[in-house]
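Here is the structure we will look at.
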Amino acid sequence: MNIGRRRAVAAMTSLLCAGSSAGSRAQGLSDRPITIVVPFTAGTGIDILARLVGEHLRQRWDQPVVIDNKPGASGSIGTQTVARATPDGHTLMMTANTFVTNVPLYPNIGYDPVADFTPIAKAATGDLVLTVNPALKINAVAGFLQRARAEPGTMKYASPGVGTPQHLFMELFKLATKIDVVHVPYRGSAGAVQDVVAGHVGTMVMPLHTALPLERTAKIKLLAIGSDKRSPQANDVPTLMEEGITGFNVDLWYGLFAPARMPADLVARLNSEVNAILALDPVKAALREQGLVPAGGPPQPLAALVRADLAKWQKVIRDANIKPE
């Protein structure tokens, strides 16, 4: 984790401690630690979200909570660890929608997102936005489509890698609009963003919180949000559905899961605690700093989201003939 990320996590933890209330404490599960597995590196948005929830859960239950980063193999190493764990509430997983989208991309990934896990709660969402370098002189989605159709196969778009949400967003956009834009995959976001800003690649789908500072300094232009509603952080940016792309709804989502067959009373208890944590003002503020919006709600909508996303991205990956690197 870089120094800036360490400081951000430390500041958020301090904020959480200041916002905690001794009156909200309840009896924990046991004297054993609760482990929240994060199948990605420390300092990522998922990791920060897990630490926010974990710190408050520790305080509310007076029980140790450990964040265990298990990156590797597109998140499958940590995910498999949770799938094999005992469903007694002591092993949980905070993950993102790549947990679902990786399955049709890697048939031997070693877990089933529906059968092997118990959804606890949808924790947060984040917006993705279609961006372009200003040198393209494209100011709206209509202009983007006009250019792509006039020059098929010449426009290029960057992504952090094959199978990332940014890549799949653009491939779904291509299928929906019947355009030919060439994918240029990178190994991570930094190089991809740098090359779009430098004009080496013309366009990229970015998380909104990454794109906004670049847009404010006129390094990129924001064309449209992938979600079904405009973002409060960029209310002047239309959605793709507003721009005529019917039924387009792609965002980043984050959820808390447990191993399959967890008892219903334990699921309900964890869900209640996570919802209470996400409703706290310090948590909302900390997530907002990461470009995330708290979600919450019962487990059932998260279960339905996993099933729906699995079906949607299986079709996109098949129709776009996407292969792993």
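Every number here is computed from the coordinates shown, using simple stated rules; none is lab data. Keep in mind that what you see is a predicted model, and the values were worked out from it rather than measured. No Cβ is skipped: glycine too gets one built from the backbone with ideal geometry, and neighbour counts run over all protein chains shown.
Hey, what do the phi angles of region 105-115 turn into as Karplus ³J(HN,Hα) couplings, whole Hz, using 6.51/-1.76/1.60 and θ = phi - 60°, x for Gly and Pro?
7, 10, x, 9, 5, x, 7, 10, x, 8, 6
Quick one: what are the phi-derived ³J(HN,Hα) couplings along region 204-217, Karplus 6.51/-1.76/1.60 with θ = phi - 60°, whole Hz, x for glycine and proline?
Values per residue, Gly and Pro as x: 6, 8, 10, x, 4, 5, 6, 6, 4, x, 6, 5, 5, 9 Hz.
Please give the net charge around residue 315, taking every other residue with its beta carbon less than 15 angstrom from that of residue 315, where Lys and Arg add +1 and Asp and Glu add -1.
Details: positive: 174, 307, 312, 318; negative: 171, 309, 319.
Around residue 315, the charge tally is +1.
In percent, what relative contact order does the chain have, based on Cα pairs under 8 Å that are 6 or more apart in sequence? Walk me through the numbers before you get to the answer.
Working: 613 pairs, mean separation 78.5, N = 325.
Relative contact order of the chain: 24 percent.
Just subtract the alpha-carbon distance of residue 114 and residue 260 from 0.36 nm times their residue separation and send over the number in nm, one decimal.
Here the segment from residue 114 to residue 260 would lengthen by 51.7 nm.
Is there a pair in 219/312; 174/323; 178/315 whose C-alpha atoms are over 25 Å apart, and which pairs would that be? Mind dumping the intermediate values first?
Working: 219/312 33 Å; 174/323 16 Å; 178/315 15 Å.
With Cα atoms farther than 25 Å apart: 219/312.
Could you tell me how many degrees, from 0 to 90 and to the nearest 10, lie between the Cα long axis of helix 165-177 and the main elongation axis, the longest principal axis, of the Cα atoms of the chain?
That helix lies at roughly 40 degrees to the long axis.
Any chance you could check the Cα centroid distance between region 32-52 and region 280-325 for me, in angstrom?
Cα centroid to Cα centroid, the span is 17 Å.
Given H placed 1.01 Å from N in the peptide plane, which residues other than close sequence neighbours of residue 35 have an amide H under 5 Å from its amide H?
Result for residue 35 returns 66, 91, 92.
Residues with amide H under 5 Å of residue 118's amide H, sequence separation 5 or more or different chain, H placed in the peptide plane at 1.01 Å from N; which?
258, 260
Note down the relative contact order for region 128-243 as a percent, whole number, built from C-alpha pairs under 8 angstrom at least six residues apart. Write out the running numbers ahead of the final one.
Details: 197 pairs, mean separation 44.1, N = 116.
The value is 38 percent.
Amide H to amide H, which residues 5 or more places from residue 156 or on other chains are under 5 Å from it, using H placed in the peptide plane?
Residues meeting the amide H criterion: 182, 202, 203.
Residue 255: net charge of surrounding residues, Cβ under 11 Å, Lys/Arg +1, Asp/Glu -1, itself excluded?
On the way: positive: 122; negative: 309.
Summing Lys/Arg as +1 and Asp/Glu as -1 gives 0.
Work out how much length residue 320 to residue 281 would gain on full extension: take 0.36 nm times their residue separation and subtract the Cα-Cα distance, in nm to one decimal. If you can, show how the numbers build up before the last one.
Values: separation 39, 0.36 × 39 = 14.04 nm, distance 4.20 nm.
Working it through step by step, the gained length comes to 9.8 nm.
Label residue 140 and residue 216 with points 7 Å out from Cα along Cα→Cβ: what is the distance between them in nm?
Taking the two extended label points, one gets 2.7 nm.
From the phi angles alone, apply the Karplus equation (6.51, -1.76, 1.60; θ = phi - 60°) to region 285-293 and give each ³J(HN,Hα) in whole Hz, x where the residue is Gly or Pro.
Each residue of region 285-293 in turn: 5, 5, 5, 4, 4, 9, x, 10, 10 Hz.
Between (1) 20.4; (2) 25.8; (3) 22.2, which entry matches Kirkwood radius over Cα pairs in Å as derived from the coordinates of this structure?
Matching entry in (1) 20.4; (2) 25.8; (3) 22.2: (1).
With +1 on each Lys and Arg Cβ and -1 on each Asp and Glu Cβ, and nothing else charged, work out how big the dipole of the chain is about its Cα centre, in Debye to the nearest 20. Numbers along the way, then the final one.
On the way: 32 positive and 26 negative charges, 75 e Å.
Rounded to the nearest 20 debye, it is 360 debye.
Would you mind classifying region 128-243 by shape? Square roots of the alpha carbon gyration tensor eigenvalues, ordered a ≥ b ≥ c; an a/c under 1.5 is rounded, otherwise it is prolate if a/b is larger than b/c and oblate if not.
Numbers: a/c = 1.25, a/b = 1.06, b/c = 1.18.
Cα axes put region 128-243 in the rounded bin.
Grab the DSSP H runs of the chain that are 4 residues or longer, score each as -39,500 (n - 2.57), total them, divide by all residues and round the 222 nm result to the nearest 500 deg cm²/dmol. Before the final figure, lay out the partial values.
Details: 11 runs with 137 residues, N = 325.
Only helices count here, giving -13000 deg cm²/dmol.
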